[in-house]
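**Student:** Structure in structure tokens, see below.
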Amino acid sequence: MLESGVASAEDIDKALKLGLNHPMGPFEMVDLVGLDVRLSILKYLHQTLGETYRPSNLLAQYVKAGRLGRKSGKGVYVYDEEGNRIG
């Protein structure tokens, strides 16, 4: 949905938190874990379990650009030096 422009990361996170009562949205979670970690996991799952787990092009682009999440200060969102989301 994010890659195709249907909704923003903020809207998707908000929908999952409000609609499914999740404590954290999927993009907040991937920034916490690390986009590089998530990409590595998806590559392995894709190799072993098939097309369902093919990583998105957007995720690969973010990792290639050094957008690794909170640890790098930029992932899906942007973070300050203390790891607080600023954008």
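The values are calculated or read from the model by the stated rules, or taken from the named source; none is laboratory data. Owing to the predicted nature of the structure, the values given are computational and were not obtained by experimental measurement. With ideal geometry, Cβ positions are generated from the backbone for all residues, glycine too; neighbour counts draw on all protein chains shown. Areas reflect the complete protein model, heavy atoms only, side chains present, ligands, DNA and RNA absent. Shrake-Rupley method; radii C 1.70, N 1.55, O 1.52, S 1.80 Å.
**Student:** In nm, to one decimal, how far is the modelled label at LEU18 from the one at LEU32, with both set 7 Å along Cα→Cβ?
**Tutor:** My value for the distance between the label points is 2.0 nm.
**Student:** Tell me the net charge near VAL37. Cut-off is 12 Å between Cβ atoms, VAL37 excluded, with +1 for each Lys or Arg and -1 for each Asp or Glu. List each step's numbers first, then the result.
**Tutor:** Values: positive: ARG38, LYS43, ARG70, LYS71; negative: ASP31, ASP36.
Around VAL37, the charge tally is +2.
**Student:** Net charge around MET24, counting only other residues with Cβ within less than 12 Å of its Cβ (Lys, Arg = +1; Asp, Glu = -1)?
**Tutor:** Values: positive: LYS14, LYS17, ARG85; negative: ASP13, GLU28, ASP31.
With Lys, Arg at +1 and Asp, Glu at -1, the neighbours total 0.
**Student:** OK, next. Given +1 on the Cβ of Lys and Arg, -1 on the Cβ of Asp and Glu, and no further charges, what dipole in debye does the chain carry about its Cα centre, rounded to the nearest 20? Don't skip to the answer; put the middle values down first.
**Tutor:** Working: 11 positive and 11 negative charges, 50 e Å.
Computed about the Cα centre, the dipole is about 240 debye.
**Student:** Carbon and sulfur atoms: what percent of the 1.4 Å accessible area of the chain do they account for? Write down the numbers at each step before the final one.
**Tutor:** Numbers: 3170 of 5850 Å².
Ligands and nucleic acids excluded, carbon and sulfur reach 54 percent.
**Student:** Name the longest site-free stretch of the chain, where the excluded sites are GluC sites (Glu not before Pro) in a DSSP loop with no more than 12 other beta-carbon atoms within 10 Å.
**Tutor:** Values: sites that count: GLU3, GLU81, GLU82.
Of all site-free stretches, the longest is 4-80.
**Student:** Let me ask you something else. On average, how much accessible surface per residue is there in the chain, in Å², for a 1.4 Å probe, leaving out ligands, DNA and RNA?
**Tutor:** Working: 5850 Å² over 87 residues.
That works out to 67 Å² per residue.
**Student:** Would you mind calculating the relative contact order of the chain from Cα pairs under 8 angstrom and at least 6 residues apart, reporting the percent as a whole number? Could you put the intermediate results ahead of the total?
**Tutor:** Working: 102 pairs, mean separation 18.3, N = 87.
Computed value for the chain: 21 percent relative contact order.
**Student:** Do the sum for the chain: with -39,500 (n - 2.57) for every DSSP H run of n ≥ 4, divided by all residues, what is the mean residue ellipticity at 222 nm, to the nearest 500 deg cm²/dmol?
**Tutor:** On the way: 4 runs with 43 residues, N = 87.
Here the helix-only value at 222 nm equals -15000 deg cm²/dmol.
**Student:** Which of these values of log10 I(q)/I(0) by the Debye sum over Cα atoms at q = 0.12, 0.14 Å⁻¹ was calculated from the structure shown: (1) -0.58, -0.69; (2) -0.37, -0.50; (3) -0.41, -0.56?
**Tutor:** Given (1) -0.58, -0.69; (2) -0.37, -0.50; (3) -0.41, -0.56, the calculated one carries the label (2).
**Student:** Pick out, from ILE86, GLN61, PRO26, the residue whose Cα sits farthest towards the positive end of the charge dipole of the chain, with +1 on the Cβ of Lys and Arg and -1 on the Cβ of Asp and Glu.
**Tutor:** Towards the positive end, the residue furthest out is GLN61.
**Student:** Moving to a separate point now. Count charges around VAL78 for me, please; just the other residues with Cβ under 14 Å from its Cβ, Lys/Arg as +1, Asp/Glu as -1.
**Tutor:** -1
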